[in-house]
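**Q** Questions regarding the structure given below will be posed in turn.
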Amino acid sequence: LLIGITLLLLVVTTILGYILAGRAILPLNQAFIRQQKFTAYASHELRTPLSVLQLSVDILEEEQHKLSPVHQTVLQDMKEEIERMTRLTGQLLTLARNDSPLQQMRREVFDLQHSLSFAAARMQLIALEKNVKLQFHISYTEEGFTCIGDSEQIDQVLYILLDNAIKYSAEGGTVTMGITRNDNGTANVIIQDTGCGISEEDIPHLFERFYRVDQARTREHGGTGLGLAIAYEIVSRHGGRIAVTSTLHQGSTFTVILPETKRILRQPLK
Ligand code: ADP
């Protein structure tokens, strides 16, 4: 009888616990959804006034030669701040969309080699401007590195990592990229720079929203502290992770580890 009563009590308290915990989580969940909707709405609405400002600055820029040197500097500062705010609102919108339970992720087959060379080609101009050399560590393989997921989102991850690698490199630096295969069915996309590096204490916080190692330095680079948070979430959604190793004043290596899918075998030519 004693065992029976104890078991009954255990079942009743477990059920009660579930109900109470569910009730406590419900308002939290609703608050989270409200906050996510607000972020999405606010960042979306900010885009129109920002485009108007951008257009006004572009018009002023055409007449720049008529301005005094001080006013020319003010105009340049305005332009940079508008660019930063545009980037920030775009990134906030991406995060809010990613947070949404309604957000659907595309599922398509794509080749990581193609994604990396596409991202590198898009970053070539930025690298040239900063006199940073972009180089591939490995040559192409016929079979490729096939993944399933949203290739546009993976492209975005690679842009963020390449952009950082260039941004935090000194002039004349080198960014090396490559892809390797692991034994456990995953592939590594490696992006290595010879830049300023990250201290050991900062590494665990890198993927937090709005985290920036050196506020002054990153502001100068036009950073928002959201890029790596976005990259982390996209890669997690694809069942992967990002690993970082770094040495201060020597450089950093960011590795995106993604599950590979079964390769599509090509039919031999007859
Ligand atoms: P940000 O827009 O500021 O670059 P991120 O989320 O992309 O934001 O990066 C967060 C911080 O991590 C950056 O502010 C920078 O201090 C540091 N960081 C990121 N990538 C690198 C890198 N390749 N080398 C050195 N520091 C980096």
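No value in this document is a laboratory result; all are computed from the given coordinates. Here the structure is a predicted model, which means the values were calculated and not measured. Counting neighbours? That spans all protein chains shown, and the Cβs are built from the backbone with ideal geometry, glycine included.
**Q** Quick test of your reading of the structure: M78 fulfils all but one of (1) out of contact with any helix residue (DSSP H, G or I) (no Cβ under 6 Å at 6 or more places or on another chain); (2) of a type in the set (A, V, I, L, M, F, W, C); (3) closer than 25 Å to L55 by Cβ. Name the failing condition by number.
**A** Condition (1) is where M78 drops out.
**Q** Something else about it: Any idea which of N98, N164 is touching a strand residue (DSSP E or B) at 6+ places or on another chain (Cβ under 9 Å) and outside any loop (DSSP other than H, G, I, E, B)?
**A** Numbers: N98 fails: touching a strand residue (DSSP E or B) at 6+ places or on another chain (Cβ under 9 Å).
Within the list N98, N164, the selection yields N164.
**Q** Filter segment 75-105 down to the residues that are surrounded by 13 or more Cβ atoms within 10 Å (Cβ to Cβ) and of a type in the set (A, V, I, L, M) and list them by number.
**A** Result: L75, M78, I82, M85, L88, L92, L93, L95, A96.
**Q** As an exercise: evaluate G90 against (1) over 19 Å from the mean Cα position of the chain (by Cα); (2) within 22 Å of G225 (Cβ to Cβ) and give the number of the one condition it does not meet.
**A** Here G90 meets the rest and fails (1).
**Q** Right, something else. Any residue that is under 23 Å from T89 (Cβ atoms), without any contact (Cβ under 8 Å) to a residue 12 or more places away in the chain, surrounded by fewer than 20 Cβ atoms within 10 Å (Cβ to Cβ) and near the ligand (Cβ under 6 Å from one of its atoms) - is there at least one of those in segment 218-227?
**A** Yes, that holds for at least one residue.
Here's the yes/no breakdown for (1) surrounded by 18 or more Cβ atoms within 10 Å (Cβ to Cβ); (2) under 28 Å from F145 (Cα atoms); (3) out of contact with any helix residue (DSSP H, G or I) (no Cβ under 7 Å at 6 or more places or on another chain):
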{"position": "L161", "(1), (2), (3)": "yes, yes, no"}
{"position": "A165", "(1), (2), (3)": "yes, yes, yes"}
{"position": "A170", "(1), (2), (3)": "no, no, yes"}
{"position": "V175", "(1), (2), (3)": "yes, yes, no"}
{"position": "N182", "(1), (2), (3)": "no, yes, yes"}
{"position": "I190", "(1), (2), (3)": "yes, yes, yes"}
{"position": "T194", "(1), (2), (3)": "yes, yes, yes"}
{"position": "S199", "(1), (2), (3)": "no, no, yes"}
{"position": "D202", "(1), (2), (3)": "no, no, yes"}
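**Q** Moving to a separate point now. What about E152, is it away from the ligand (no atom under 13 Å from the Cβ) and over 21 Å from the mean Cα position of the chain (by Cα)?
**A** For E152, the condition - away from the ligand (no atom under 13 Å from the Cβ) and over 21 Å from the mean Cα position of the chain (by Cα) - is not met.
**Q** Here is a check on your reading of the model: is T253 surrounded by 13 or more Cβ atoms within 10 Å (Cβ to Cβ) and either without any contact (Cβ under 8 Å) to a residue 24 or more places away in the chain or in contact with a Ser or Thr (Cβ under 9 Å, 6 or more places away or on another chain) (or both)? Break it down stepwise before answering.
**A** Working: surrounded by 13 or more Cβ atoms within 10 Å (Cβ to Cβ): yes; either without any contact (Cβ under 8 Å) to a residue 24 or more places away in the chain or in contact with a Ser or Thr (Cβ under 9 Å, 6 or more places away or on another chain) (or both): yes.
It is true that T253 is surrounded by 13 or more Cβ atoms within 10 Å (Cβ to Cβ) and either without any contact (Cβ under 8 Å) to a residue 24 or more places away in the chain or in contact with a Ser or Thr (Cβ under 9 Å, 6 or more places away or on another chain) (or both).
**Q** Still on this structure, I have one more. Any idea how many residues of segment 173-197 are away from the ligand (no atom under 16 Å from the Cβ) and more than 13 Å from T255 (Cα to Cα)?
**A** Residues meeting the conditions: 3.
**Q** Now a separate question. Any chance you could count how many residues in segment 167-182 are out of contact with any Ser or Thr (no Cβ under 7 Å at 6 or more places or on another chain) and in a loop (DSSP other than H, G, I, E, B)?
**A** 5
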